[in-house]
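Below: one structure, written as structure tokens.
The values are calculated or read from the model by the stated rules, or taken from the named source; none is laboratory data. Owing to the predicted nature of the structure, the values given are computational and were not obtained by experimental measurement. Here the Cβ positions follow ideal geometry from the backbone for every residue, glycine too, while neighbour counts run over all protein chains shown.
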Amino acid sequence: MGFDSIRENKRESATFMVGHIEKVIKTFGKRPAGSEGEKKAAEYMGELLKPYADDIRLEPFPVYPAAFMGWIYISVSLYLIALAAYFFQPVASLVLFVVATALMVGEFVMYKQVVDKLFVKKTSHNLYAVKHPTGEVHRRIIFSGHVDAAHEWTFNYHLGGKGYIAHVITSFIGVFYFFIAIILCIANKYSQTPFLAANVANILGYVCLAFVPLWIAMYFMWNEKIVVDGANDDLTGCFMSIAVLKALKDQNVNLENTEVGVLITGSEEAGLRGAKAFTKAHAKEFDDVETLIFAIDTIRDAKFLGVNVNDLNNTVPSDPHAIDLFFNAGAELGIPVQKIGVPFGATDSAAFNQGGMKAVGITAMNHNLEDYYHTRKDTFDNLDEESLATCFEVAVKALENFDSGL
């Protein structure tokens, strides 16, 4: 009985997840960050959690959802103006380049709120539910997913993941080359002994023109008119988390000293804004006992099941205990769990760790970007029930081990 029974019924839990994912998609419409669909879906999950949780709260927070990808319009425009200025005023070109790059790095690479307030403000929501232990709280574990869905990534849909990544990398190479050209041009112009032959500086600039089509294509990197269903990314994480709490109730498993939480964040696709808002509001509340967060995101293919040892473009380390807890649970069950990084993008785990909490991202997806990732192909009929069951089994084992003090 107990945890063993929960794991034995893993396929029943997976069926529960699939059924509710389909219902959310069919019932509440599109769920971009800060939308009514996002809120309605979160409210639905709150109603679903009522029989399984002791406390539930829906918390609003402000968000500027267009800012996370909106930097493209600003930075690319500045790069194009900088290229024109290069031939006449290279110092002005450098200033424009630095501003454009700072905006890009801040918003897209580091997920900072750099240009947010230049865009329309909306209200997003986080949902937090908790099941209290029968005795004193000695430890706390939170299972988390995000309810919002992404706008479609145009080139991943039309060109596939390799084409999408090739476009991004080539565009960045062009930006780096442009920077070198600017520095050489300025150094040559103001040097007492110019080191470049006549017209070489101009030729360096003309080479930059080859990258202009790639930079202009960045304007179409995301499609503001299409919001994907987000079945895998990330209703799987939401209902995986809810399924854990449901299973504890169904199997009458009452933990003596372990508090179990479910956190459904909003606006993850807008730069982890929900996780940032939750951490800012509550991180200090969870200092009373060790608190670990499993940020479950895109459970689609069990052969890629992994713990993200580094997140946010591989720049933010995850919590060692959280990593080992999930990884070792898989090993005990004979289920392969990889220790991987997030080379491109991020999960909510990054925001939790940056905010002083302890978390790890749990994913089961190919980080080389499959055709469903952030495209209209991420539908409820493109779920993998067996992968959901496998991840659920490992998550429950991790909970059992954590409850035992491991």
- the range 247-295, residues that are part of a strand (DSSP E or B) and either under 22 Å from the mean Cα position of the chain (by Cα) or under 19 Å from Gly345 (Cα atoms) (or both): Gly261, Val262, Leu263, Ile264, Thr265, Thr291, Leu292, Ile293, Phe294, Ala295
- Message: I'd like the full set of residues that are assigned to a helix (DSSP H, G or I) and closer than 23 Å to Thr279 by Cα, limited to the range 56-78.
- Response: Ala67, Phe68, Met69
- Task: Within the range 336-346, identify whether any single residue is closer than 20 Å to Gly266 by Cα, part of a strand (DSSP E or B) and either not aliphatic (A, V, I, L, M) or not assigned by TED's automatic domain parsing to the domain that holds Lys30 (or both), and answer yes or no.
- Result: no
- Pairs under 9 Å by beta carbon, first residue under 16 Å from Leu127 (Cβ atoms) in the range 138-153, partner surrounded by fewer than 24 Cβ atoms within 10 Å (Cβ to Cβ) and aromatic (Phe, Trp, Tyr), six or more apart or different chains? Ile142/Tyr128; Ile142/Phe286
- Cβ pairs under 6 Å, 6+ apart, first in the range 347-362 and in a loop (DSSP other than H, G, I, E, B), second at pLDDT below 95: Gly355/Ala283; Gly356/Ala283; Met357/Ala283
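Conditions (1) of a type outside the set (S, T, N, Q); (2) within 23 Å of Val316 (Cβ to Cβ); (3) outside the structural domain of Leu255 (by TED's automatic domain parsing), marked per residue:
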site: Ala84; (1), (2), (3): yes, no, yes
site: Phe88; (1), (2), (3): yes, no, yes
site: Val105; (1), (2), (3): yes, yes, yes
site: Phe108; (1), (2), (3): yes, yes, yes
site: Thr134; (1), (2), (3): no, no, no
site: His138; (1), (2), (3): yes, no, no
site: His167; (1), (2), (3): yes, no, yes
site: Phe179; (1), (2), (3): yes, no, yes
- Task: Say whether the condition of being over 20 Å from Gln251 (Cα atoms), in the same structural domain as Ile335 (by TED's automatic domain parsing) and not in a helix (DSSP H, G or I) is met by at least one residue in the range 42-55.
- Result: no
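Restricted to the range 374-406, and to residues that are at negative phi and at pLDDT below 95, which residue is surrounded by the fewest Cβ atoms within 10 Å (Cβ to Cβ)?
Applying the filter and picking the extreme gives Ser404.
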- Would you check if Leu235 is surrounded by 13 or more Cβ atoms within 10 Å (Cβ to Cβ), closer than 29 Å to Ala166 by Cα and touching a Cys at 6+ places or on another chain (Cβ under 9 Å)? no
- Item | Residue match in the range 75-96 (condition: touching a Phe, Trp or Tyr at 6+ places or on another chain (Cβ under 7 Å), under 21 Å from Ala350 (Cβ atoms) and aliphatic (A, V, I, L, M)) | no
- Please specify each residue of the range 154-167 satisfying the condition of being under 30 Å from Phe87 (Cα atoms) and touching a residue at least 12 places away in the same chain (Cβ under 8 Å). His167
- Could you say which residue among Cys185, Cys208 is more than 30 Å from Leu305 (Cα to Cα) and in contact with a Pro (Cβ under 8 Å, 6 or more places away or on another chain)? Cys185
- Can Ile25 be described as over 30 Å from Val114 (Cβ atoms), in contact (Cβ under 8 Å) with a residue 40 or more places away in the chain, crowded, with 20+ Cβ neighbours inside 10 Å and aliphatic (A, V, I, L, M)? yes
- Hey, Ile226 surrounded by fewer than 18 Cβ atoms within 10 Å (Cβ to Cβ), closer than 17 Å to Asp371 by Cα, under 33 Å from the mean Cα position of the chain (by Cα) and modelled with pLDDT of 95 or more or not: yes
- Task: Output yes when any residue across the range 314-331 is in the same structural domain as Gly261 (by TED's automatic domain parsing), within 13 Å of the chain's Cα centre (by Cα) and not acidic (Asp, Glu), and no when none is.
- Result: yes
- Query: Which is of a type in the set (A, V, I, L, M, F, W, C), under 22 Å from the mean Cα position of the chain (by Cα) and more than 23 Å from Asn366 (Cβ to Cβ), of Leu103, Leu80, Leu94?
  - Reply: Leu103
- Item | Hey, Asn313 under 23 Å from Gly230 (Cβ atoms) and in a strand (DSSP E or B) or not | no
- Message: I'm trying to understand the selection: among the residues of the range 62-72, which are modelled with pLDDT of 95 or more and surrounded by fewer than 22 Cβ atoms within 10 Å (Cβ to Cβ)?
- Response: Pro62
